[in-house]
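First up is the structure itself, then whatever we jot down about it.
The values are calculated or read from the model by the stated rules, or taken from the named source; none is laboratory data. All figures in this text were calculated on a predicted structure; none of them were measured in a lab. For neighbour counting, all protein chains shown are included, and Cβ atoms are generated from backbone atoms with ideal geometry for every residue, glycine included.
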Amino acid sequence: MVNAGGGSSWLAGALGACITAPHLLGPFVARRLDTARDGRTVIAVASLAHGTALAAGVLLHPHTHPAVTAALLIASGLFGPLLTGGISSRLPAIAGHGQRRQRRAQGWDVATYGIGGTVGPTLVAALSAWASPTTAALVLAAGCFVAAAVIRLLPRTPAPGVGEEVPRPVRTLITIVTSGPLRRTLYLTVTVAFSVAALPVTAVSSTHTFGVDAAAAGILTAAYGLGNLAGSAGVMIRPSRTEADRLTTRLATAVAVTLLLITLTPSFPLAVAAYAAAGIANAYFFAATLAARNEYAPDNARAQIFVWVGALKITAGSAGTAAAGALIGTSVLLPLLLVTALALTSALLSWAERRHPRRRREHHLGAALPAPAASPTGSENRQPSPPRG
């Protein structure tokens, strides 16, 4: 939209960052999700505000100073974490009782991210070509209003706490850091997000290495996206019953291995297969992190923990893309080598930490967190199941 109006690419990138950067502030507004009498209202209002600010920024951009547009987009982005982490934190209420049902719902959640990441850009591109970039952006904003109405159809659950019973954002972060399973979930999520964010950048640059047309990069990214959808379908069809803490470690290792395969692949067809494998592994990993957040988070801070991890994941993804873009000029393989090493290191650290004698004490610390409410959220399954796979 900015470029179509004669604006510079630098301005377009800066305005785009105004939407994603505020996600890091999400945890500081997420406490309301854990204290509201009806969390659906908070999410619905956030969706309305997100869409309104986005639409206002789009409509005012040609007629005002870019700073005004930037402020509106920052306001829009600030509500983003309430929509992503907020909705994911309500999966137990939607799925009902039972670990299997909840993990299948987490597979659906992963699929919605994959579909949104695929269909969204495609829809924007089609509408921009058919009508205009402004029309495409306004359609996205209108989708937020539709979502606000749909959110009200979700099951209602009582507030997990009131007043001082609900920890403040910094205290919630301390809870994550001091709980072994949640801490591992956090740093594995952040490092994997940083690592896989390099793939779209390396896909474009690697086409020259494989001797194919630059447009073939779309095949690599499509293979990753289709693999992600296939992985989420696999979670839905056959949810794992492995302990969530152990599962995230195993699947982070699997993602690291697929990154290594991408780095070592000698031909374009094998690269397509490796990108698809990375998408599958990352979908399984994402679902496992959702399970870990749900099963190890205390009830009175569940939404905040979902938002904390989600906000840091989005930030890490943006940083990973930027880092890959900055390094790709040096060597096509350099970004892949670095992110593969990072993913492997974090996975090995998680394995080592889980084998440390302190593991049992941390596991009991997680078990000693406030007990979940009864049936409405189905969180009696909060304690991890015995390992079966």
message: Every residue in the stretch 80-137 that is of a type in the set (Val, Ile, Thr) and within 30 Å of Asp299 (Cβ to Cβ), please.
response: Thr84, Ile87, Ile94, Val110, Thr112, Ile115
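Report the residue count in the stretch 49-80 for those that are over 21 Å from Val146 (Cβ atoms) and either touching a His at 6+ places or on another chain (Cβ under 8 Å) or not hydroxyl-bearing (Ser, Thr, Tyr) (or both). Walk me through how you get there before you give the answer.
Of all residues in the stretch 49-80, those over 21 Å from Val146 (Cβ atoms) come to 60-71, 74.
Checking the rest, the ones that are also either touching a His at 6+ places or on another chain (Cβ under 8 Å) or not hydroxyl-bearing (Ser, Thr, Tyr) (or both) come to 60-63, 65-71, 74.
Number of matching residues: 12.
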message: Which numbered condition in (1) touching a residue at least 60 places away in the same chain (Cβ under 8 Å); (2) crowded, with 24+ Cβ neighbours inside 10 Å is the only one that Ser205 fails?
response: (2)
- prompt: Considering Ala291, Ala341, Ala301, which residue is hydrophobic (A, V, I, L, M, F, W, C) and surrounded by fewer than 24 Cβ atoms within 10 Å (Cβ to Cβ)?
  reply: Ala341
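Test Arg152 against the criterion of being within 18 Å of the chain's Cα centre (by Cα), modelled with pLDDT of 85 or more and among the basic types (Lys, Arg), and give yes or no.
Numbers: within 18 Å of the chain's Cα centre (by Cα): no; modelled with pLDDT of 85 or more: yes; among the basic types (Lys, Arg): yes.
Criteria not met by Arg152.
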field: Top-ranked residue in the stretch 202-242 [being of a type in the set (S, T, N, Q) and more than 23 Å from the chain's Cα centre (by Cα); ranked as farthest from Val332 (Cα to Cα)]
entry: Thr207
- prompt: Do we have Gly325 as touching a helix residue (DSSP H, G or I) at 6+ places or on another chain (Cβ under 8 Å) and closer than 30 Å to Arg168 by Cβ here?
  reply: no
- prompt: When you go through (1) surrounded by fewer than 18 Cβ atoms within 10 Å (Cβ to Cβ); (2) over 27 Å from Ala326 (Cβ atoms); (3) touching a residue at least 60 places away in the same chain (Cβ under 8 Å) one by one for Val235, which number turns out not to apply?
  reply: (1)
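Counting only residues that are among the polar types (S, T, N, Q) and closer than 25 Å to Leu229 by Cβ, how many does the stretch 107-149 have? Walk me through how you get there before you give the answer.
Restricting attention to the stretch 107-149, the residues satisfying the condition of being among the polar types (S, T, N, Q) are 112, 118, 122, 128, 132, 134-135.
The next check asks that each one be closer than 25 Å to Leu229 by Cβ; those that pass are 112, 118, 122, 128.
Matching residues across the stretch 107-149 total 4.
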statement: Counted residues in the stretch 155-171 being surrounded by 12 or more Cβ atoms within 10 Å (Cβ to Cβ), within 20 Å of Gly310 (Cβ to Cβ) and either among the aliphatic types (A, V, I, L, M) or at pLDDT below 85 (or both) come to 3
